[in-house]
Amino acid sequence: MFKDKLKGFVLDTLPEDFWPYQKDYLKVRKVINDSNHFTKEQMVDFQFNRMKELIDYTWKESKGYREYWSDNNFNPSDFKSLSDVVRIPFISKEVIRDNIELFSIKNSNKPYVVSTSGSTGKQFQFYQTKKIRAQDTAFVDDLWSHFYSKMSRKTKRTFLRGGIQKNSIQKDPFFGLRLSSREISAELVFEFINAIDKYKTPIFHVYPSSLYLMCKIMIENGINRPKHIFDVICFGSEPIYEFQLSAIKKIFHEPLSFCYGNTEKVAFGGNCSHNDAYHMYPQYGYTELVDSYGEPVSKGQRGEIVGTSFWNFQTPFIRYKTGDMAVLGDSECKFCDKKYQLLSSIEGRMQEYVVSKSKSIMPITYFSSIHDDTFETIKQFRFQQKEIGVVDFLYLRKENLETDISSIRQRLEFALGNGYDLNLIEVENINLSKSGKMTYLDQFLDINQFM
Ligand SMILES: [Zn+2]
């Protein structure tokens, strides 16, 4: 912790030019700036060249892709124009997960492992690099620069999320202010507001579920908003729902920025200041929406987001099925004049809440970010709630490994807090949720009555 603070302090005092991967970051900002008003033809050329480079490289370097494509009758020589993308077979988490080394490329870029809980709670791992992370930040910063023109890596932000700790307010010299809480109370909201007014960052980056809970308490208790006015409130990490927005807008009147992205970094987009549709960055990757037969959907129709990242040469994701649902919008924005594909809404996965004994609600999302080694002896997990204040943790053992039940219980109880009884239940298999969706929680209670 101290080491992190020291590092943050040093970085903060250094000019940005000395920051790690700053050249890569700036290069991406320039690529975006140079191309954001391309004509449709120019954009097709741009995407074709990126795609071609990626396909050729992957074919050469990744045995997994080479075999997978050959088995599915695709050869890079088939890719002659951008519309040939449809000849490339889709790839899923499951295919990559079972053969991660074959689908990844070993080069000298010092990759690190990213873990995410994939469909039905199975862990999914792949490789990324710090360079990819810096490049990704460039896209986020470009999006936010529509609302705060001076946006850079040094811009300070206030970050509000659900958390493992009970209460937490941390000032990080490098980053800004971090607010985090497992349970938000009125007292804590006052502390958050004081911290916001003290540090006055231009950006307020929030988990929708967390800001919603904060606003709900402010409304119920007649608490005034912070005096500080942010340049923009940026939502991330979770889908946002109308009921959340309507509560948030009663308190905060700042411009709002919405974005869609995913851990695998295969597609990214967000709103502009005049249009709430998600403008999918064509420089980030190639984004498609397909129906359950894999066919492209038409404007106004719902489909699964399929993404291809132009920047990850470590574990390439090419026509990767994300499991996230969205509705196709226009093929350009008439307000900002960008020829980007628009998605009129992102439905994502249903947001997941549990209800405590005192009938307060808590988003379960942060459990899905527990990637502790404690869980390594588990093959798969799922939460379920059938009774108020009671959460069941269903799990599958891994073969040949002793599962450490007591430490799993300890960690989960710590994360849940006092408001819940926890049952750990070993099961033989874990199916798709009752809704047929991929989820970490089967909520059997009617959650709307607690909202
Ligand atoms: Zn626009």
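Laboratory data are not the source of any read-out in this text; all were calculated from the coordinates shown. Bear in mind that the values here come from a model prediction, so they are computed numbers and not experimental data. Neighbour counts are summed over all protein chains in view; Cβ atoms, including those assigned to glycine, are modelled from backbone coordinates with ideal geometry.
Assuming charge only on the beta carbon of Lys and Arg (+1) and of Asp and Glu (-1), the dipole of the chain about its Cα centre is about 1180 debye to the nearest 20.
Of the residues Ser298, Asn194, Ile346, the one whose Cα sits farthest towards the positive end of the charge dipole of the chain is Asn194 (charges of +1 on Lys and Arg Cβ, -1 on Asp and Glu Cβ, taken about the Cα centre).
Computed from the C-beta positions of Asp172 and Lys80 and an R0 of 56 Å, the FRET efficiency is 0.70 to the nearest 0.05.
Using C-alpha pairs below 8 Å separated by at least 6 residues, the relative contact order for the chain is 14 percent. The modelled label-to-label distance for the pair Tyr241/Lys63, using points 7 Å beyond Cα in the direction of Cβ, is 4.7 nm.
Taking every DSSP bridge with both residues inside the chain, close to 60 percent are antiparallel. Taking a Cβ cut-off of under 11 Å around Cys333, the surrounding Lys, Arg, Asp and Glu residues balance to a net charge of -1, with basic ones at +1 and acidic ones at -1. Inter-part distance, region 217-273 to region 166-194, computed on C-alpha centroids, equals 17 Å. When peptides 414-422, 201-209 are ranked by their average number of other Cβ atoms within 10 Å per residue, the highest-first order is 201-209, 414-422. Per-residue ellipticity at 222 nm computed for the chain from its helices equals -9000 deg cm²/dmol, with DSSP H segments shorter than 4 residues left out and the rest contributing -39,500 (n - 2.57). Across region 35-79 the C-alpha pair distances fall into 10 Å bins from zero in the proportions 26, 41, 22, 11 percent.
Note on region 60-112 and region 392-413: Cα centroid distance 34 Å, given to the nearest whole angstrom.
Can you classify region 148-254 as rounded, prolate or oblate using the Cα gyration tensor, where a ≥ b ≥ c are the square roots of its eigenvalues, rounded means a/c under 1.5, and otherwise it's prolate if a/b beats b/c and oblate if not? Since a/c stays below 1.5, the shape of region 148-254 is classed as rounded. If R0 equals 25 Å, the separation of the Cβ atoms of Asn109 and Phe9 corresponds to a calculated FRET efficiency of about 0.35. With all pairs of different C-alpha atoms in the average, the Kirkwood value for the hydrodynamic radius of the chain is 23.4 Å. Dipole magnitude for region 178-302: computed about the Cα centre from +1 point charges on Lys and Arg Cβ and -1 point charges on Asp and Glu Cβ, it is near 380 debye. Here the spin labels are modelled as points 7 Å beyond Cα on the Cα-Cβ line, and at Glu191 and Ser331 they lie 5.4 nm apart.
Grab the beta carbon distance between Glu426 and Asn73, set R0 = 41 Å, and tell me the FRET efficiency rounded to 0.05.
The value I calculate is 0.45.
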